[in-house]
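The values are calculated or read from the model by the stated rules, or taken from the named source; none is laboratory data. From a predicted model like this one, the values you see are computed outputs, not experimental measurements. Here Cβ is always computed from backbone atoms with ideal geometry, including for glycine, and neighbour counts include all displayed protein chains. Side chains are part of the model used for accessible areas, which takes the heavy atoms of the whole protein and leaves out ligands, DNA and RNA. Shrake-Rupley method; radii C 1.70, N 1.55, O 1.52, S 1.80 Å.
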Amino acid sequence: QVQLEESGGGLVQPGGSLRLSCAASGRISSSSVMGWYRQAPGKQREFVASITRDDYTAYADSVKGRFTISRDNAKMTVYLQMSSLQLGDTAVYYCRAWGTGAWGQGTQVTVSS
């Protein structure tokens, strides 16, 4: 069983920054691809970013150039640095570990003036 625990969400003004963290524990391999999805009210959950053990990254077009994903394999933690936040980034952000079926409980990010 794998557990994913997110932290770092909150309220931020447009143009601001936030950093999300996701710590993995349990029966998870350090080679697992990890990443983030988000779900805004009334919308489907969508892919945001992912990263492999060797730091190969992928991003949704909507966040390219603004968000940066990184990971610490020793700590089994993945991070999402979000900059130039926009109203449309408001959502619950979920951590995912591919191949494990595990999702985090979600952390709320609200961008509002």
Open item on the list: Being among the charged types (D, E, K, R), at pLDDT below 95 and open to solvent by 40 Å² or more (accessible area, probe 1.4 Å): is that true of K64 here?
Closed with: no
TODO: Consider R53 carefully, then state whether it is open to solvent by 50 Å² or more (accessible area, probe 1.4 Å), modelled with pLDDT under 95 and not polar (S, T, N, Q).
DONE: yes
TODO: Output the residue which, of all residues in the stretch 4-15 that are exposed (fewer than 15 other Cβ atoms within 10 Å of the Cβ) and not acidic (D, E), is farthest from T90 (Cα to Cα).
DONE: S7
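Looking at R27, R38 in this structure, which one is basic (K, R) and modelled with pLDDT under 95?
Of the residues listed, the single one that is basic (K, R) and modelled with pLDDT under 95 is R27.
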- [ ] Can you tell me which residue within the stretch 44-64, out of those that are in a loop (DSSP other than H, G, I, E, B) and in contact (Cβ under 8 Å) with a residue 12 or more places away in the chain, is nearest to R19 (Cα to Cα)?
- [x] V63
Open item on the list: Just to be sure I understand, how many residues within the stretch 67-79 are in a loop (DSSP other than H, G, I, E, B), in contact with a strand residue (DSSP E or B) (Cβ under 9 Å, 6 or more places away or on another chain) and surrounded by fewer than 17 Cβ atoms within 10 Å (Cβ to Cβ)?
Closed with: 1
- [ ] Taking the residues in the stretch 80-103 that are part of a loop (DSSP other than H, G, I, E, B) and open to solvent by 10 Å² or more (accessible area, probe 1.4 Å) as candidates, determine which candidate is nearest to E46 (Cα to Cα).
- [x] T90
